[in-house]
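Step one of this worksheet: look at the structure below.
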Amino acid sequence: MKSENLENEIAWDLTKLFPDPNHPKIAVARKNLIEMTDNLVLKYKGKINVPDFTATDLLNLFQEEESFLVEFSELRQFSELSFAANMTLPENQELHTKITSFLTDLNKKIAFLSLEIGKYVFEHQNLITDPILANYKHHLEIILRLYPHQLSESVEQLILEKDQFGVEAWSQIHGSWLNTRMINFEVKGELKTLPYGKAVAFLTHPDRKTRTSCFKGIYGLIGKENDIFSSALRNVCGDWLNTSKRRKFSNTMHQSLIANDLDQSTVDNLMKTIESNVGLYRRYLDQKASLMNLPKLGCEDIMAPLSDLTHKKIDWESAKDQILKGYGNVDEEFKTIVEDMYNKTHIDASPRYGKSNGAFCSTWFKGRSAFILTSYSEDLNSEYTLAHELGHAIHAYYCTKNNSYLNTDISMVVAETASIFGELLMTDLFLNDPSLSNSEKRSILAHILDEAGMGVFFVSARVFFEKTLYDSIENGEHLDGETIAKLWCNARNRIFGDSVSWFDEMRWQWAKTPHYYLPNFRFYNYPYVYAQLFVYALYQIYKKEGAEFIIKFKKIMSAGSSLSPKEIGEIIGFDITKPEFWELGMKQYEYFLNELESIK
């Protein structure tokens, strides 16, 4: 389908995975996976927790499991990426449905593996320090931590069946509804009707009336359908609350702590740091209002550009050249990895109807590479997004190059490290341009403060909001659209106070956020807060050490999931468990704000 924005279609080449959704190779891959599954069942079911099963046997099992997971992930990746690129194509819909069902069936057959391995490790905890299993030390630690929350094989299988047509279906409805909507709004007084994925680019348009019309168009439409979104969220949250109790998690956040390899006190310290620094963010919002000659920011101004600079047209090739320069200024190998993403057509950048909203980077283990989806709209925001996702691709390269498959499951708090660092490298590139005027420098700094403000403060409101959802269900409240909207506004106001005025339509803002609807993964948001402040702390070390820091940074990326976030912090000399650590990141945000305020 022809791009709706870029002059030439920029689509990824997935034929390295499979030639097309109907190709015979998919049937061959399915047959091979069935054989591998049957072999795992025959060889290991009921045969792990026996006296003669040794550390060497467990090593062999892990290696066979990895071989299976590599093929499993490749088939899933092709299905999911094809669907994300255009979810309106019948062949993509059919493939996605068939593969999701097929892989669920395989997961049910091997559900015994995690249960039996967990029991074996729990009863033989000396395995964690056994040199034979040195490569899997941290993987064993995670298994041990998760084991007390696993259920019987039959119950785990029932949960997989239930989720396929339950929470996973709610999640798919959410994405499909949004990405097939047409939005009516005015651009400088001219009525436009655009697909949702294209319309969202106008939320940061330089013209304030255009932004206002776009905000009202999107959130007004969502509000009219709030029953759909509230029903979906109510069921997703209710399901998770029951699942958490059945699995004996201490609270609804507990599972995400295990998934992110953190403890509760670290997250509590992080969120306390946010609440104690909301004044810093509000100070920026007030400063931005002054620069925009407004008595107070409206919600449509929070992410708005200070000048036309951030909406100045940046064509695809210009953005590519700048991104290559930004990464190349720091390390030549970084530049080579980024060039490889372009040369191998691993980026899908053209906006199109039916394309998944937002941007993501999907690691390709076999290729020691990744695939990126974004909707490039030829402006600074899009360029930063592209640079961010290419940072993920660099991380994917080092991770897959240096680890076996079970050590590539990077927790979210670590996964954002290279991507946010990449944004800062682009900021360095722009701010060091001697031709930059004071007005342009203000615009760049404001963009950075906007994005970090969103990643640190606004996202924290989502964390507060999600917690109140579960508290409300526990208290017997019915989560209809209006109730959820009130909870959202209360959480939002803990961050913004009275620094911003809001359209009434913005009470439905929660409904647009896909993270609340993800199946079996709650509290998706605080990892972004963690990552932003962690990388801001890293960035201060980089500015002091330069090339010496990059050596350590490559160690972080190369670690994959073989180290915990705490151990990764220790590579640089950080202690993430200390409350005062998080203030380091806040100092970098304050530095950018001071720089903005100093420009006359």
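In segment 416-464, the C-alpha radius of gyration followed by the widest Cα-Cα span (Dmax) gives 12.9, 43 angstrom.
By the rule of a C-alpha distance below 21 Å, with chain neighbours fewer than 8 residues away ignored, the lysines paired with residue 486 are 216, 224, 467, 512. When 1/r is averaged over all different Cα pairs and the result inverted, which Kirkwood radius in Å belongs to segment 174-296? Hydrodynamic radius (Kirkwood, Cα pairs) of segment 174-296 is 18.4 Å. Taking each of 198/335; 320/566; 162/245; 313/587; 344/366; 312/441 in turn, the alpha-carbon distance tops 26 angstrom for 198/335; 320/566; 313/587. For residue 503, the residues 5 or more places off, or on other chains, whose built amide H falls under 5 Å of its own are 299. Dipole magnitude for segment 24-150: computed about the Cα centre from +1 point charges on Lys and Arg Cβ and -1 point charges on Asp and Glu Cβ, it is near 240 debye. Once you divide the Cα radius of gyration of segment 32-97 by 2.2 N^0.38 Å, the number left is 1.56. Every pair of different Cα atoms in segment 260-416 enters the Kirkwood calculation, which places the hydrodynamic radius at 18.3 Å.
For segment 314-355, what is Rg from Cα atoms divided by 2.2 N^0.38 Å, rounded to two decimals?
Normalised by 2.2 N^0.38 Å, the Cα Rg of segment 314-355 equals 1.32.
For segment 278-327, the list of trypsin sites (Lys or Arg not before Pro) that fall in a loop by DSSP and count at most 14 other C-beta atoms within 10 angstrom reads 296, 312, 313. Only alpha carbons enter this Debye calculation for segment 486-535, each as an equal point scatterer, and the log10 of I(q)/I(0) it gives at q = 0.18, 0.31 Å⁻¹ is -0.76, -1.14. Sorted into 10 angstrom bins from 0, the C-alpha pair distances of segment 401-512 split as 11, 28, 25, 23, 11, 1, 0 percent. Dividing the convex hull volume of the alpha carbon atoms of segment 460-600 by its residue count gives 172 Å³ per residue. Pairs of lysines in segment 24-150 whose Cα atoms sit within less than 25 Å of one another amount to 26, provided the residues are eight or more positions apart or on different chains.
Under 5 Å between amide hydrogens, built in the peptide plane, is the criterion, and for residue 347 it picks out 13, 372 among residues at least 5 positions away or on other chains. Beta bridges from DSSP with both residues in the chain: antiparallel share about 75 percent, rounded to the nearest 5. Enclosing the Cα atoms of segment 310-399 in their convex hull gives a volume equal to 92 cubic angstrom per residue. Compared with the dominant Cα axis of the chain, that is its longest principal axis, helix 526-545 is turned about 70°. Here the Karplus relation 6.51 cos²θ - 1.76 cosθ + 1.60, evaluated at θ = phi - 60°, turns the backbone of segment 88-103 into coupling constants of 8, 6, x, 5, 6, 4, 5, 4, 4, 5, 5, 6, 4, 5, 4, 5 Hz, with x for every Gly and Pro. Restricting the trypsin sites (Lys or Arg not before Pro) of segment 124-229 to loop positions (DSSP other than H, G, I, E, B) with no more than 13 neighbouring Cβ atoms within 10 Å leaves 188. Would you please state the base-10 log of I(q)/I(0) at q = 0.09 1/Å for segment 24-150, with intensities from the Debye formula using one equal scatterer on every alpha carbon? Normalising to I(0) and taking log10 leaves -0.33. Over the chain, dividing the summed -39,500 (n - 2.57) contributions of all DSSP H runs of at least 4 residues by the number of residues returns a 222 nm mean residue ellipticity of -20000 deg cm²/dmol. Rounded to the nearest Hz, the phi-derived 3J(HN,Hα) couplings of segment 508-515 under the Karplus curve 6.51 cos²θ - 1.76 cosθ + 1.60 (θ = phi - 60°) are 9, 4, 4, 5, 7, 6, x, 4, where x marks glycine and proline.
I need the Kirkwood Rh of segment 133-223: take the reciprocal of the average 1/r across all distinct C-alpha pairs and report it in angstrom.
Details: mean 1/r = 0.0584 Å⁻¹.
In segment 133-223 this quantity evaluates to 17.1 Å.
In order along segment 467-476, the Karplus-derived 3J(HN,Hα) couplings, from 6.51 cos²θ - 1.76 cosθ + 1.60 at θ = phi - 60°, round to 4, 5, 4, 6, 4, 5, 4, 4, 7, x Hz, and Gly and Pro are given as x. Qualifying GluC sites (Glu not before Pro) in segment 430-534, where qualification requires a DSSP coil assignment and no more than 16 other C-beta atoms within 10 Å, comprise 477.
Counted by Cβ distance under 12 Å from residue 438, the other residues give a net charge of +1, where Lys and Arg count +1 and Asp and Glu count -1.
Net charge in the neighbourhood of residue 394 (other residues with Cβ under 14 Å of its Cβ; Lys, Arg +1, Asp, Glu -1) is -3. Only one residue of 502, 22, 62 has its Cα farthest out toward the positive end of the dipole of the chain, where Lys and Arg carry +1 and Asp and Glu -1 on Cβ, and that residue is 502.
Read the figures in this text as sums done on the coordinates, not as results from a lab. Please read these numbers as outputs of a predicted model, since none were measured by experiment. Here the Cβ is made from the backbone with ideal geometry for all residues, glycine too, and neighbour counts use every protein chain on show.
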